[in-house]
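Working notes, structure below.
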């Protein structure tokens with residue numbers, strides 16, 4: 001792997017790490033398999049890109065993206081809780097609907113961000129070389145958000161969120177409306193995913209309606225890689241594991257793309273296959289480990 | 001304090017499998033009552049408790065709490081004044097959260113939840129003090145995951161959590177049925193202590209006639225969705241197991257007789 005590829009993987013690991021935290025919140029904490037993310041990632045990208053090209057401050061555009069993501073998550077949660085549609089199906093419906101909405105927002109399938117201000121400009125202006133500025137900036141943002149999520153999960157509301165995913169009957173008997181909590185949790189998760197999407201768009205210089213394809217699998221793969229390598233006991237450990245799972249996942253992808261066996265080499269279109277294998281490996285590894293230790 | 005008026009509940013209403021689970025039940029619970037509820041399977045015991053707690057809504061009648069009709073309030077709203085302990089020891093606690101986190105969740109049963117930290121340092125002393133009374137050593141394991149505890153320990157913790165903030169009404173749905181006899185006795189003793197200390201209005205469903213006779217000041221027997229037996233005070237104290245069994249057999253005979261008439 002080249003130095004350039006390594007830096008690029010770090011950058012992506014942190015940027016997508018925020019999305020992975022969102023996936024962690026729904027899949028692991030709330031026990032709500034949420035496929036909305038495949039639509040809310042490009043939603044965040046679209047909102048941010050359109051806002052920036054219309055002269056909005058790039059940082060403010062991130063907030064707008066998160067807000068839009070929260071709305072998308074709320075729609076899924078409302079379909080599930082109030083209209084009693086199965087969570088998986090509810091999220092697929094929102095995801096499909098977002099495809100049309102994203103094209104409406106961008107007034108086309110994509111928006112270019114070349115030559116406009118992004119959140120990296122202030123850091124670049126400080127004189128830091130570009131190849132360092134991006135990973136540092138994204139690492140700081142991702143770590144800040146991870147700490148915020150760790151704090152939130154320790155609050156009264158956060159604890160109610162964790163209890164809702166663990167034992168809905170128990171937390172209902174303790175006076176909590178689980179519908180409200182699910183709406184809040186899925187909303188928050190998609191706000192993170194959309195925020196991540198906005199950063200991706202600013203990082204790669206464009207927003208594209210198809211950039212969200214496979215988000216959920218990449219997110220899940222990262223969560224599982226993180227859990228397998230760093231453990232999942234305790235809120236802080238689990239959240240940091242999700243973030244660094246994302247970094248390792250992107251590094252693994254970069255590594256795989258750099259492999260050359262004679263005339264054979266992987267192409268980006270092989271990523272889905274690699275990811276699927278990675279998830280299977282990560283899922284099976286603990287079982288094999290347990291069996292070896294039992295001997 | 002709580003009054004059921006012509007309270008009716010069907011299951012599978014309008015289908016061929018329609019079951020009348022509670023039929024025109026009229027029933028008043030006085031403040032401070034400790035009522036034991038017995039009845040054969042399908043008599044409507046659990047349905048009665050579920051309808052009080054709000055897990056199911058009635059098809060007719062009223063449920064009055066201090067003259068207010070709460071028959072259609074959602075469960076989480078009734079939790080402000082009703083606490084429950086389930087038969088399944090796993091239902092009352094969160095296995096993936098620690099003992100102190102579970103107790104902190106219970107401590108806010110009647111209050112709004114915000115962005116204050118969940119387990120406050122000041123509350124830990126309270127938790128330790130309450131847990132110490134159990135004599136299970138849990139006061140030294142505040143940060144252990146509840147999933148590591150045994151069924152009996154979890155049920156004891158659930159009892160504590162249900163009464164950490166004093167409820168107006170405590171509902172116990174065969175809460176010792178899934179435990180071994182020794183643990184069941186301990187949980188019942190704990191129940192008696194807490195109910196006595198806090199002067200709780202309590203409804204306890206049980207399959208055990210001895211328990212039904214030993215505990216509480218009032219006993220009701222349900223049969224096919226109706227209260228067929230309701231005694232309290234002196235009369236209950238002097239009631240013997242044989243009387244209850246005789247009553248049960250009377251019912252069985254009536255059932256057999258009606259079956260025979262149908263078949264004959």
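Yes or no, residue by residue, for (1) within 30 Å of residue B:108 (Cα to Cα); (2) in contact with a strand residue (DSSP E or B) (Cβ under 7 Å, 6 or more places away or on another chain):
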| residue | (1), (2) |
| --- | --- |
| B:151 | yes, no |
| B:196 | yes, no |
| B:208 | no, no |
| B:214 | no, no |
| B:219 | no, yes |
| B:223 | no, no |
| B:231 | no, yes |
| B:237 | no, no |
Checked B:142, B:138 against criteria (over 24 Å from residue B:202 (Cβ atoms), away from every other protein chain (no Cβ under 13 Å) and crowded, with 16+ Cβ neighbours inside 10 Å); the one match is B:142
* Among the residues of segment A:5-28, is any farther than 23 Å from residue A:222 by Cα, within 18 Å of the chain's Cα centre (by Cα) and either touching a residue at least 24 places away in the same chain (Cβ under 8 Å) or part of a helix (DSSP H, G or I) (or both)? -> no
- prompt: Does residue A:60 fit the bill of being in contact with a strand residue (DSSP E or B) (Cβ under 9 Å, 6 or more places away or on another chain) and surrounded by fewer than 24 Cβ atoms within 10 Å (Cβ to Cβ)?
  reply: no
From the option list A:97, A:65, single residue qualifying as at pLDDT 95 or above and in contact with a helix residue (DSSP H, G or I) (Cβ under 6 Å, 6 or more places away or on another chain) is A:65
With criteria (1) buried (at least 19 other Cβ atoms within 10 Å of the Cβ); (2) in a loop (DSSP other than H, G, I, E, B); (3) more than 14 Å from chain A (Cβ to nearest Cβ), residue B:109 comes up short on (3)
Apart from one, (1) within 14 Å of chain A (Cβ to nearest Cβ); (2) over 29 Å from residue B:217 (Cα atoms); (3) not in a loop (DSSP other than H, G, I, E, B) all hold for residue B:96; the odd one out is (3)
Of the residues in segment B:67-80, those that are facing chain A (nearest Cβ under 10 Å) and surrounded by 17 or more Cβ atoms within 10 Å (Cβ to Cβ) come to B:75, B:76, B:78, B:79
By residue number, the members of segment A:236-264 that are surrounded by 14 or more Cβ atoms within 10 Å (Cβ to Cβ), more than 17 Å from residue A:25 (Cβ to Cβ) and free of Cβ contacts under 8 Å to residues at least 24 places away in the same chain are A:256
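So that you can scan it fast, the table gives a plain yes or no per residue for (1) over 29 Å from residue B:207 (Cβ atoms); (2) part of a loop (DSSP other than H, G, I, E, B); (3) within 11 Å of another protein chain (Cβ to nearest Cβ):
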residue	(1), (2), (3)
B:48	no, no, no
B:51	no, no, no
B:105	yes, no, yes
B:113	yes, yes, yes
Assess whether residue A:137 counts as being modelled with pLDDT under 95 and within 14 Å of residue A:196 (Cα to Cα).
yes
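So that you can scan it fast, the table gives a plain yes or no per residue for (1) within 19 Å of the chain's Cα centre (by Cα); (2) modelled with pLDDT under 95; (3) over 30 Å from residue A:108 (Cβ atoms); (4) crowded, with 21+ Cβ neighbours inside 10 Å:
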| residue | (1), (2), (3), (4) |
| --- | --- |
| A:195 | yes, no, no, yes |
| A:199 | yes, no, no, yes |
| A:214 | yes, yes, no, no |
| A:217 | yes, yes, no, no |
| A:234 | no, yes, yes, no |
| A:267 | no, yes, no, no |
| A:281 | no, yes, yes, no |
| A:288 | no, yes, yes, no |
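Each row is one residue, and each column tells you yes or no for (1) away from every other protein chain (no Cβ under 14 Å); (2) over 22 Å from residue B:162 (Cα atoms).
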site: A:135; (1), (2): yes, yes
site: A:151; (1), (2): no, yes
site: A:157; (1), (2): no, no
site: A:160; (1), (2): no, no
site: A:167; (1), (2): no, no
site: A:174; (1), (2): no, no
site: A:185; (1), (2): no, yes
site: A:197; (1), (2): yes, yes
site: A:208; (1), (2): yes, yes
Next on the checklist: Can you confirm whether residue B:64 is outside any loop (DSSP other than H, G, I, E, B), touching a residue at least 24 places away in the same chain (Cβ under 8 Å) and more than 14 Å from chain A (Cβ to nearest Cβ)?
Outcome noted: yes
Of all helices (runs of 4 or more DSSP H) fully inside segment B:140-253, the set with 1 or more residues that are touching a helix residue (DSSP H, G or I) at 6+ places or on another chain (Cβ under 6 Å) is B:151-164, B:181-198, B:209-214
Per the filter on segment B:145-154, residues surrounded by 14 or more Cβ atoms within 10 Å (Cβ to Cβ) and more than 13 Å from chain A (Cβ to nearest Cβ) are B:149, B:151, B:152, B:153
Checking B:40, B:83 in turn, the sole residue that is within 14 Å of chain A (Cβ to nearest Cβ) and either surrounded by fewer than 19 Cβ atoms within 10 Å (Cβ to Cβ) or outside any loop (DSSP other than H, G, I, E, B) (or both) turns out to be B:83
Inspect segment A:82-102 for any residue being in contact with a strand residue (DSSP E or B) (Cβ under 9 Å, 6 or more places away or on another chain), buried (at least 21 other Cβ atoms within 10 Å of the Cβ) and either on the phi < 0 side of the Ramachandran plot or assigned to a helix (DSSP H, G or I) (or both) and give the result as yes or no.
yes
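The values are calculated or read from the model by the stated rules, or taken from the named source; none is laboratory data. Keep in mind that this is a model prediction, so the values were computed, not measured. We place every Cβ from the backbone using ideal geometry, glycine too, and count neighbours over all the protein chains shown.
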